[in-house]
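Heads up, the thing below is written out as structure tokens.
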Amino acid sequence: MAGIKHLVMAKFKEGAAVEQLLLDMKKLALELDIIKSFEWGEDVMKNDKYSHGFTHTFIFMFDSAEDVAAYIKHPRHVEYGKKFRAGTEKILAVDFPTVIDKIATA
């Protein structure tokens, strides 16, 4: 699937309600049709030398850069973003076109 990926990496604050933030993010992704797919994961290697302290990665797929821009301004995203930023120590976000050089096989 070609499109634009919105990648977010986060390091949550000590004592943050991470589970609730994750549930709320999943709910947001499921409710907004502009988001074509959503996946996330927690760092399993725990190597600060390479992860720079980021513990979680979130990947949203959109059809276009215009859809990413619309998502960023969407009232539900703005509302959620305030809670997410309050619970994080640092965030990195990158938007990029998808280039597939190898497709997984079964």
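The values are calculated or read from the model by the stated rules, or taken from the named source; none is laboratory data. A quick note: this is a predicted structure, and the numbers were derived from the prediction, not measured. As a convention, Cβ positions derive from the backbone with ideal geometry for all residues, glycine included, and neighbour counts pool all protein chains shown. The area values use the complete protein model at the heavy-atom level, side chains included, leaving out ligands, DNA and RNA. Shrake-Rupley method; radii C 1.70, N 1.55, O 1.52, S 1.80 Å.
Side notes on the structure shown:
- Only listed residue being farther than 27 Å from ALA104 by Cα, modelled with pLDDT of 95 or more and surrounded by 18 or more Cβ atoms within 10 Å (Cβ to Cβ), chosen from PHE62, PHE12, PHE58: PHE12
Results for (1) open to solvent by 60 Å² or more (accessible area, probe 1.4 Å); (2) aliphatic (A, V, I, L, M); (3) at pLDDT 95 or above; (4) not in a strand (DSSP E or B), shown as yes or no for each residue.
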position: ALA16; (1), (2), (3), (4): no, yes, yes, yes
position: LYS27; (1), (2), (3), (4): yes, no, yes, yes
position: ILE35; (1), (2), (3), (4): no, yes, yes, yes
position: GLU39; (1), (2), (3), (4): yes, no, yes, no
position: ASP95; (1), (2), (3), (4): yes, no, yes, no
position: VAL99; (1), (2), (3), (4): yes, yes, no, yes
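- Conditions (1) closer than 19 Å to GLY87 by Cβ; (2) out of contact with any His (no Cβ under 7 Å at 6 or more places or on another chain); number of the one not met by ILE34: (1)
- Among the residues of the range 77-91, the ones that are touching a Lys or Arg at 6+ places or on another chain (Cβ under 9 Å) and among the charged types (D, E, K, R) come to 2 in all.
- Among residues of the range 58-93, those that are farther than 22 Å from ALA16 by Cβ, of a type in the set (A, V, I, L, M, F, W, C) and touching a residue at least 40 places away in the same chain (Cβ under 8 Å), counted: 4
- Checking each residue in the range 94-106 for being touching a residue at least 24 places away in the same chain (Cβ under 8 Å) and of a type in the set (S, T, N, Q) picks out only THR98.
- As a summary of the residue check, HIS52 satisfies the conditions (1) in contact with a strand residue (DSSP E or B) (Cβ under 9 Å, 6 or more places away or on another chain); (2) at pLDDT 95 or above except for the one numbered (2).
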